[in-house]
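Each remark here refers to the structure printed beneath this line.
The values are calculated or read from the model by the stated rules, or taken from the named source; none is laboratory data. In this text the structure is predicted, and so the values were computed from the model without any measurement. Neighbour counts are summed over all protein chains in view; Cβ atoms, including those assigned to glycine, are modelled from backbone coordinates with ideal geometry. For the accessible areas, the whole protein counts, side chains as well, though only heavy atoms, and no ligand, DNA or RNA atoms are used. Shrake-Rupley method; radii C 1.70, N 1.55, O 1.52, S 1.80 Å.
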Amino acid sequence: MQQLRVASYILGQKLKGNKRYPLVLMLEPLFRCNLACAGCGKIDYPRPILDKRLSVQECLDAVDECGAPIVAIPGGEPLIHKEIGEIVAGIVARKKYVSLCTNALLLEKKLDLFKPSPYLFFSVHLDGLKALHDKSVCQDGVFDRAVSAIKVAQAKGFQVNANATIFDGHAPRDIADFLDFTTAMDVNVSISPGYAYERAPDQEHFLNRRRTNELFREVFRLGKGKKWKVTHSALFLDFLAGNQEYMCTPWGMPTRNVFGWQKPCYLLGEGYAKTYAELMQTTDWDAYGTGRYEKCANCMAHCGYEPTAAGDAIAHPIKAMLAEMRGPRTEGDFAPDIDMSQQRPADFGMHEAHVAKVMDEVHKPKIAAE
């Protein structure tokens, strides 16, 4: 039903002549987390910023303002938010599909805040089987706790997905074994190469584009004949295998967080707008993307490219059908590389300048009171 509704939504946007439209709202009600993963660039903020929260009303206003049919709630760890149950209930009441992303450490404790619904599913962070996942999150025992929480949630009637981020050093066989494991658990999986957050502690294990293509081709070879429960479109998987020449669609998954509407996408914070309309109207979309901006050079993440693949599927249904029937192509030439010679250099000062501005705003009332 979700796939049909999303396809109908995209077709409606095409018929209206809309070139840029949201597919998934990335709603970050907080940045604070109870883990400190080496590949994460979302929690490197001063304490006053980590203490910020979006209110229930701010979250629901963002959902209404954006209008996307799907709302993903990442973070940080959303289950830390004291009003997360009210936020999710309000979104479900609007008949939007909600993907609540969590590392699952608090999931069993917080399950009573939610009601099973065809519009709600938990997306549990799992970066592979036990050894790989616990190494990724820099804490032993997290994998076992997450798997236990998944089973409890399923037993109570909740839909549960897994969200896997793949880094360099993940062996194809390990990834295939992980997909066998999640399929046996009846858990759907979204899988995507990690984005090289400039503030992530571990900068050595992010994949480049060709390495991503080679890795996923080998994984898909190992998966021939298996019915893995992967949630992505066939064309996005074909893109990961290096067979589609796509540019990202950053407006497809706009982000609302404690700073505002993030420019230009979920992974890059290069300015903020006060409203969704301002985000769409004032962002120089042509300045971003692989081949255009250095920070985007190796990005193949689903938040940028799944909307592109979805649009391609609607525009070319026979191509999409064939990709679905055959699966990702694992032999032959790769799609042409994107020319990087004209990309503009990365600006590494924008994040620091924005954090300094926010911290100045935090301290002003204290200074005035003194």
Checked the stretch 120-235 against the a/c 1.5 cut and the a/b vs b/c comparison, axes a ≥ b ≥ c from its Cα gyration tensor; verdict oblate
Given a cut-off of 25 Å, name the pairs among K96/K274; K229/K295; K14/K227; K19/K227; K95/K224; K95/K156 whose C-alpha atoms lie farther apart than that in the structure shown.
K229/K295; K14/K227; K19/K227; K95/K224
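With the other protein chains left in place, how much accessible area per residue, in square angstrom, belongs to the stretch 15-56 at a 1.4 angstrom probe?
Values: 1840 Å² over 42 residues.
Per residue, the stretch 15-56 has an accessible area of 44 Å².
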Determine the per residue accessible area of the stretch 221-370 with all protein chains present and a 1.4 angstrom probe, expressed in square angstrom.
50
Going by amide H atoms built from the backbone, whose H comes under 5 Å of the H on Y293, apart from near neighbours?
R344
Which whole-Hz couplings ³J(HN,Hα) result when phi for each residue of the stretch 154-164 is put into the Karplus expression 6.51 cos²θ - 1.76 cosθ + 1.60, θ = phi - 60°, listed in order with x for Gly and Pro?
4, 5, 8, x, 8, 7, 10, 10, 10, 10, 10
Along the dipole axis of the stretch 218-288 (charges at Cβ: +1 for Lys and Arg, -1 for Asp and Glu; origin at the Cα centre), the most positive-end residue among T275, L240, G223 is G223
Comparing E28, E306, E108, which has the greatest mean-square fluctuation in the GNM of the chain with Cα pairs linked when under 10 Å apart?
E108
Using 7 Å Cα-to-Cβ label points, what is the M340/K19 separation (nm, one decimal)?
2.8
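Report the FRET efficiency, 1/(1 + (r/R0)^6), for L11 and L322, where r is their Cβ-Cβ distance and R0 is 22 Å, rounded to 0.05. Can you show the working numbers first?
On the way: r = 19 Å, r/R0 = 0.88.
Efficiency for this residue pair is about 0.70.
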At R0 = 25 Å, FRET efficiency that the Cβ-Cβ distance of V355 and R145 yields, to 0.05:
0.20
Sum of -39500 (n - 2.57) over DSSP H runs of 4+, divided by residues of the chain (222 nm, nearest 500):
-12000 deg cm²/dmol
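What FRET efficiency, computed as 1/(1 + (r/R0)^6) with R0 = 25 Å and r the Cβ-Cβ distance, is obtained for D51 and D174, rounded to the nearest 0.05? The partial results should precede the final answer.
Working: r = 37 Å, r/R0 = 1.50.
Efficiency, rounded to the nearest 0.05: 0.10.
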Using a 1.4 Å probe on the protein heavy atoms, what percent of the accessible area of the chain belongs to carbon and sulfur?
53
